Amino acid sequence: MSAERLSAVEDLRDRAYSEDSDVAVAARAGLVALMTDDDPEVAAAADAALAETSISLVPGRIDFGPVAPGTPRLAAVIKIEGSPMALASRIKVTGPGLRARIAGDQLQVQWQPGDGALAGMVSLDGPAGAADLPVTGHIGAGLIGGEALETWPPEPQADAVRERFVSASGSEPLADAVRGNGPRETGEPLTAAMLESWPFEMGRARVTGLSETETFEPISAGLAAPPQVTFENREPVFLPPTDPPEQSRRRVKGLIIAGATALVLLVGTGLAAAVTLQDDQAPVAQQQEQPAGNEQPSGGKNEQPGGGKNEESGGDKSGEDEQQGGGQEQVRASVDKPAVVGTIKVGDEPEGVAVAPDSKTLYVANQSSRILSVADLESGQVDEVALRNTPRFVAVSRDGKRVFVSMYEDDLSGSGVAVVDAEKLTVLRNLKTGVQPYALAVAPDGRLWVPIHGGRNVEIYKDEQLTGRVFVPENPHAVSFDKGGQRAFTPDHESSTVSAIDTRNDKRLKSIPVSAAPHSLAVSPDGRTAVVACFQADAVDLIDTQTLERRGPFKVGDKPQAAAFATDSGHAYAVNEGSNSVSVVDPRTGQVTATVPVGKSPRTMAVAPDGRLAYVTNGDDDTVSVLRVS
């Protein structure tokens, strides 16, 4: 039996190499299914076959390094590997001034430096899977010109430079290291003899007689700090870095060549070098987007970000065992079958919802009225905060003093996050984010995580300043954290994966395959389990947050859009937009213990931190259903 399944793996692998998109996609789906086979050998073989036929990019990142202000367009080329279907991938680009296209079996990337640093991403997605290419660069003054520069490199390093170039081809012309597309003023090829005769003056290694050139072999190995390459008076010139060698060693990666016409691949360095393109050169066809916005499905965050939930809108019993603001309290036992105990009238088309840490205030983003509804759950009074753009999702700071609302218009303009003073109910400022910020969340350490749906990354803010990004497959919808805040999880909606992220270094650990179109997720308060609402599968998946193993799918209602957890971790919830209900799931077994009817087109759900009530926004009713969950 094992032999038959191993043979099936080989057959699927061969089919995954097909140039027929439908055949390749079906084969890859079959390999994904076999990755969970009970036979470890079959599962391992399927995993290896899937990796072999998946798209990959070599090198795996681009660093344009420091460039001078006013530098013309820089370009680099990356090798696309994998099955033939890899070349049919769609391209998405995130980052100011960044563009890309596929040409043959290469990915061509261009960057037009602007005023600030580049922390972008070129993402490919298609029948051969998905691959991300981080692209970085920054503006540094003083790279051109050298009157005040100290001699660099010292003579031993100058010799090393010569040796690295000469060793590329001995006494033969450096055909593999330098390939010119344009005319050379002297018509002579660049040879090892030329390199050996380079003068080193004021730290510059100058090659005479060339007007245009392409690629140099990487020379950073063995040097205290790799030189930059640019053009001065139509001649390629090595220039010393502006930083001391210690800093240069960290910052400068690869070679940057200005004034050249070809694209460069530095083989074996794991890093692409850059080549500037003159303005009259043909532009790369793929248009670029800005660091995209973030999105989070409605229930995706119930757990930390302040997204607690409070009691019921109608001023329902304010029992004393309600927990206050963020404090760790005694946990109320959740019930198998919650009951709807009331509704709250809010604005037009409510979507995102969050509860203050003290469970006394409810915040609702109303998409069609540009209003944040603020409901006092003790008095029943509902106030409104007018917002600049269409509000989508809501999160609350750990201390309850700030409310964060992601915003964007249907045409994706106006992307940002409104920062609202929770006491004064005024907008303090509007943060500019990437395109289409989704269901944002506040981590246990207080940082704000904003999934950027249009940019395939999650932006991270500390003290309302952008401090980092984590790039994930297409397209992040939400963020939720484990109990200690050491791992974050985001559902990658169009990629049918969940990204696990190490929050200690903000690096993605793994992409976990799940059922179709994960729209939201929530991590249990005990930090052990993540529930994933898979919109197209009409199911939820369960993920062990430590082993990153997935269970499921477990059938729920129609089009589950949001996920949430009871405060005791005893029950998970899926908000079913297509069937106007909430499914209650036992996270130990995946069994649905109840299906609770709510309003029309329910969107998201938040559970109050005191564990008593939960709130579900009903987009077509302009109401919030209040559920007693314990």
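The values are calculated or read from the model by the stated rules, or taken from the named source; none is laboratory data. Since we're looking at a predicted model, the values are computed, not measured. As a convention, Cβ positions derive from the backbone with ideal geometry for all residues, glycine included, and neighbour counts pool all protein chains shown.
Within region 473-496, the residues that satisfy the criterion of being farther than 24 Å from Asp399 by Cα, crowded, with 23+ Cβ neighbours inside 10 Å and in contact (Cβ under 8 Å) with a residue 40 or more places away in the chain are Pro473, Asn475, Pro476, His477, Pro491, His493, Ser495. Counting only strands (runs of 3 or more DSSP E) that fall entirely inside region 534-630 and contain at least 1 residues that are free of Cβ contacts under 8 Å to residues at least 40 places away in the same chain and closer than 18 Å to Ser520 by Cβ, the qualifying elements are 539-544, 550-555, 572-576, 581-585, 592-597. For the residues Ala3, Ala86, Ala16, Ala51, the requirement of being farther than 23 Å from Ser123 by Cβ and not β-branched (Val, Ile, Thr) singles out Ala3.
Can you spot a residue in region 80-88 that is crowded, with 23+ Cβ neighbours inside 10 Å, within 20 Å of the chain's Cα centre (by Cα) and outside the structural domain of Leu31 (by TED's automatic domain parsing)? The answer is no; no qualifying residue exists.
Tallying residues that are in a strand (DSSP E or B) and either over 22 Å from Ala441 (Cβ atoms) or more than 29 Å from the chain's Cα centre (by Cα) (or both) within region 372-394 yields 9.
None of Ala562, Ala537, Ala608 is of a type in the set (Gly, Ala, Ser), surrounded by 20 or more Cβ atoms within 10 Å (Cβ to Cβ) and over 24 Å from the mean Cα position of the chain (by Cα) except Ala608. When we screen Gly527, Gly454, Gly485 for residues that are of a type outside the set (Ser, Thr, Tyr), closer than 24 Å to Met407 by Cβ and either part of a loop (DSSP other than H, G, I, E, B) or within 14 Å of the chain's Cα centre (by Cα) (or both), the only hit is Gly454. Of all residues in region 335-360, those satisfying the criterion of being buried (at least 21 other Cβ atoms within 10 Å of the Cβ) and assigned to a strand (DSSP E or B) are Ile344, Pro350, Glu351, Gly352, Val353, Ala354, Val355. Consider region 112-141 and keep the residues that are among the polar types (S, T, N, Q) and outside any loop (DSSP other than H, G, I, E, B). The one that is surrounded by the fewest Cβ atoms within 10 Å (Cβ to Cβ) is Thr136.
A residue that is at pLDDT 85 or above, in a helix (DSSP H, G or I) and of a type in the set (A, V, I, L, M) can be found somewhere in region 50-68.
Considering every residue within region 588-598, establish whether at least one is closer than 28 Å to Ala443 by Cβ and not charged (D, E, K, R). Within region 588-598, one or more residues are closer than 28 Å to Ala443 by Cβ and not charged (D, E, K, R). For Glu474, the criteria (1) in contact with a helix residue (DSSP H, G or I) (Cβ under 8 Å, 6 or more places away or on another chain); (2) in a strand (DSSP E or B); (3) among the charged types (D, E, K, R) hold in every case but one, which is (2).
Sub-6 Å Cβ pairs linking a first residue in region 509-521 that is part of a loop (DSSP other than H, G, I, E, B) to a second residue that is acidic (Asp, Glu), at least 6 apart or interchain, are Val514/Asp541; Ser515/Asp541, ordered by first then second residue.
Collect the residues in region 43-73 that are more than 24 Å from the chain's Cα centre (by Cα) and within 30 Å of Ala26 (Cα to Cα), keeping them in residue-number order. Once the filter is applied, which keeps residues that are more than 24 Å from the chain's Cα centre (by Cα) and within 30 Å of Ala26 (Cα to Cα), region 43-73 yields Ala43, Ala44, Ala45, Ala46, Ala48, Ala49. Of all the listed residues (Lys79, Lys92), the sole one being under 30 Å from Glu10 (Cα atoms), in a strand (DSSP E or B) and among the basic types (Lys, Arg) is Lys79. Listed by first and then second residue, the pairs with beta-carbon distance under 6 Å, at least 6 apart or on different chains, first residue in region 33-45 and without any contact (Cβ under 8 Å) to a residue 40 or more places away in the chain, second in a helix (DSSP H, G or I) and exposed (fewer than 14 other Cβ atoms within 10 Å of the Cβ), are Asp39/Ser2.
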